[in-house]
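Asker: Here it is, the structure, as structure tokens.
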Amino acid sequence: MSEVKISAEPRTEFGKGGARRTRRAGKVPAVLYGHGEKPKHIALPSREFAAAIRKGGANQLFAIEVSDGTQVLALPKAIQRDPIKDTFEHVDLLLVRRGEKVTVEVPVQLTGEAAKDTLIVHDHDTLSVTADATKVPDHLEASIEGMEAGTQVTAGDVELPAGVELAADADQTVASVTAAPTAEQLEATLPEVEEAAEEAEAGVGEETAEAAEGAEAPAAEGEENAEAKTEA
């Protein structure tokens with residue numbers, strides 16, 4: 001994976017307030033750490049960082065040039081996103097050197113088509129591997145071509161690029177091939193699904209009715225009190 005050059009600025013404001021102001025300025029709060037050095041707080045340009053992650057993935061290598069003259073290589077170690085806005089909230093960046101080995105999680109993509117009338121369960125979307133920090137693959141591939149129901153793809157079955165070593169357990173299941181349910185099986189489960197839906201609907205109706213009765217009771221008491229005062 002080729003490195004992406006990105007500029008950065010030292011960050012002097014910390015805490016939630018400082019992070020919010022950094023994000024409002026169009027930057028991502030980040031921290032550089034590793035190699036026994038003191039953590040360095042920086043701010044990255046949001047658009048450039050987002051574009052690099054979209055293209056290279058979560059293991060994109062960055063050549064960071066800080067405005068104070070610092071120049072480093074770093075890999076994202078932890079990325080916090082806003083699930084609603086789909087923006088980057090904070091990034092932890094691990095300092096690396098050329099030729100240094102790092103252990104990272106790499107996405108696994110399934111290729112090919114399994115046998116007819118089967119379903120694929122992707123048990124693990126990533127695999128832990130060890131590679132040169134400057135040569136981390138953006139993804140790995142595992143073939144399911146022609147696989148019959150009852151077969152599995154394990155971590156040991158995934159072909160790794162030269163220089164990349166498996167750090168996960170070789171027996172870890174990556175994907176499983178199961179038999180697709182027949183039309184008869186689907187029809188057999190349909191009444192159970194409908195019954196569960198009806199029970200849930202009935203339960204909601206009972207709760208609504210009880211709530212309505214509870215609301216009527218105070219009103220009735222109020223009317224009785226009013227009648228009593230009138231008679232008096």
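Asker: Tell me, how many Å apart are the Cα centres for the range 28-73 and for the range 128-187?
Answerer: Using only Cα atoms, the two centres lie 31 Å from each other.
Asker: Once both labels are modelled 7 Å past Cα along the beta-carbon direction, what's the residue 135-residue 13 spacing in nm?
Answerer: Output for this residue pair reads 4.4 nm.
Asker: For every other residue with a beta carbon closer than 13 angstrom to the beta carbon of residue 162, add +1 if it is Lys or Arg and -1 if Asp or Glu, then tell me the sum. Don't jump to the answer; show the numbers that get you there.
Answerer: Details: positive: 135; negative: 132, 159, 165.
That works out to -2.
Asker: Let me ask something else about it. So for the range 24-176, what are the equivalent ellipsoid semi-axes in whole Å, largest first, each being the square root of 5 times an eigenvalue of the Cα gyration tensor?
Answerer: They are 35, 19, 11 Å, listed from largest to smallest.
Asker: Right, next: Could you put 98, 81, 23, 54 in order of accessible surface area, largest first, with the 1.4 Å probe and the full protein assembly present?
Answerer: 54, 98, 81, 23
Asker: If you build the convex hull over the alpha carbons only and average its shadow over all orientations, what do you get for the range 1-91? Give it in nm² to one decimal.
Answerer: Dividing the Cα hull surface by four gives the mean projection, 5.9 nm².
Asker: What's the local net charge at residue 7, with K and R +1, D and E -1, over the other residues with C-beta under 11 Å away? Spell out each step's value before the answer.
Answerer: Numbers: positive: 5, 27; negative: 9, 48, 65.
Taking every other residue near residue 7 into account, the sum is -1.
Asker: How large is ³J(HN,Hα) for each residue in the range 137-143, as worked out from phi by the Karplus curve 6.51 cos²θ - 1.76 cosθ + 1.60 (θ = phi - 60°), to whole Hz, x for Gly and Pro?
Answerer: x, 7, 6, 10, 10, 10, 8
Asker: What is the sum of charges around residue 68, taking Lys and Arg as +1, Asp and Glu as -1, for the other residues whose C-beta is under 15 Å from the C-beta of residue 68?
Answerer: 0
Asker: Considering only Cα-Cα distances, which of the following residue pairs are longer than 21 Å: 27/77; 27/85; 27/101; 55/77; 5/27; 38/135?
Answerer: The pairs that break the limit, which is 21 Å between Cα atoms, are 27/101; 38/135.
Asker: Excluding ligands and nucleic acids, what accessible area in Å² is computed for residue 148 using a 1.4 Å probe, to the nearest 10?
Answerer: Per-residue accessible area (residue 148): approximately 110 Å².
Asker: Also, quick follow-up: Ordering 44, 166, 119 by accessible area with a probe of 1.4 Å, largest first, what comes out?
Answerer: Output order, biggest surface exposure first: 119, 166, 44.
The values are calculated or read from the model by the stated rules, or taken from the named source; none is laboratory data. In this text the structure is predicted, and so the values were computed from the model without any measurement. Here the Cβ is made from the backbone with ideal geometry for all residues, glycine too, and neighbour counts use every protein chain on show. Protein only, heavy atoms only, side chains kept; ligands, DNA and RNA dropped before computing areas. Shrake-Rupley method; radii C 1.70, N 1.55, O 1.52, S 1.80 Å.
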